[in-house]
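See below for the structure under consideration.
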Amino acid sequence: MSIFGGETCELCDAARMSEWFYEDDECWIAECESCAVPMVVWREHNPAPPDDVKERLLGRLRAVVDEFFDFELRIDDNMRTIPNHYHAHARPKNGFYGYGLRRKN
Ligand SMILES: [Zn+2]
Ligand SMILES: [Zn+2]
């Protein structure tokens, strides 16, 4: 859970309100409720994963997009609303929101 004395956030709660695509011991990937794009969330409440962790997380995110979607992605890990817990969005290359993104069958 948290390494900062009990501090948590909504990403720590990991509420299963939207569709989940992937999860393991290190991260989970679900559809972001506000943006409707796939989002990877580190399981640690910490804004700065080591490079190797970050690389794995973003790799998983790309793999999920590859498996479930059909769009060209750009990784956006600018954490606007929850700045203290690492997460990254896979956004369409020329867009921000994912409404109507093409899915693979
Ligand atoms: Zn979002
Ligand atoms: Zn958190």
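Computed values, structure above
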read-out	value
Mean Cα-pair separation over length for segment 10-92, i.e. relative contact order, pairs under 8 Å, 6 or more apart, %	29 percent
Cysteines without a disulfide-compatible partner [the chain; Cβ-Cβ under 4.7 Å]	Cys9, Cys12, Cys27
DSSP-loop GluC sites (Glu not before Pro) across segment 1-84, with at most 13 other Cβ within 10 angstrom	Glu7, Glu19, Glu33, Glu72
Cβ-based net charge around Val53, under 13 Å, with every Lys or Arg adding one and every Asp or Glu removing one	-4
Cα convex hull volume per residue for the chain (Å³)	97 Å³
Excluding exposed DSSP-loop chymotrypsin sites (Phe, Trp or Tyr not before Pro) (at most 14 other C-beta within 10 Å), longest clean stretch of the chain	5-95
With Cα atoms, 0 to 90° folded angle of helix 51-68 axis to the chain main axis	30 degrees
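Bear in mind that the values in this text are calculations on the coordinates, not laboratory data. The shown structure was predicted, so the numbers you read here are calculated from the model rather than taken from an experiment. All Cβ positions, glycine included, derive from the backbone under ideal geometry; neighbour counts span all protein chains shown.
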